[in-house]
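Just so it is clear, none of the values below were taken in a lab; they were calculated from the coordinates. The model shown is predicted, which means the values in this text are computed figures rather than measured ones. Counting neighbours? That spans all protein chains shown, and the Cβs are built from the backbone with ideal geometry, glycine included.
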Amino acid sequence: MADRLAERTAMRRHRWWRRVLAGTACGVAAAVLAWAVFWSPALALDPSEVTIDGEGTTVDVGQVREVVVAQAGVPLPRIDTVALRGEILELDGVKDVRISRAWPTGLDFVLTSREPVAAVPHDGGYVLLDPEGVEVGTAEEPPEGLAVVEAPLDEAGARALQAAMHVLAALPAELSAQVARVTAETQDDVETVLADGRTVRWGGAARIALKVEVARTLLEVEPGARVVDVSSPDLPVTQ
């Protein structure tokens, strides 16, 4: 009986030690894996493996790369892409950015740039605005292909400018391409002057989708009209 008791005790000790050793081995393996993933240089960001697409005409790619290079040497799993995205969105001309990890050592950036669609006269030059009315640059002369929007840039004229940009953004490509100038002294008197000299009076930006359809129709069926007034789209007027 004593021998059997001693044998059982020895077996229990053996099983306990096996569990201890197995647990220790698992812990060591987990620690090694964590080090390999979060600290090993094998997954460290390599600036040469960074790709940046979609910069358009307003984003300084060099500035974007500077923000990214600050993360060089940091393993990819430890890079805070949310914070990195926030830094890039603060750069001039960046409207949006999508970041994805390119294992094992790279990052891919796809930018959406703020592209100018209008030039607003200001202080002897022009301020360039994107479709949302955000300033994206300045120029001495209005760039070719951009409509000149004659509206106040001060706080008092913000609504007039917003209405003008809203109308401009709602125009279909074939009509937008014909716009030479947009004027808006108030939010309710937006007008566009086409390259051929014809004027479209929009009034405000309300019901703009209907106004666009009415204006397109009248411009086609009455090519001799010099003024198309769709400020009241249910009762349009041509002159």
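Of note:
- Going from the residue with the fewest nearby Cβ atoms within 10 Å to the one with the most, Glu155, Glu222 rank Glu155, Glu222.
- Calculated over the range 43-113: convex hull of Cα atoms, volume per residue (Å³): 68
- Residue order, fewest to most surrounding Cβ atoms within 10 angstrom, among Arg198, Arg65: Arg65, Arg198
- Hypothetical label at Thr51: residues of the range 105-138 whose amide nitrogen lies under 19 Å (7 Å Cα-Cβ projection): 105-113
- Of Glu174, Glu191, the sequence from fewest to most neighbouring Cβ atoms within 10 angstrom is Glu174, Glu191.
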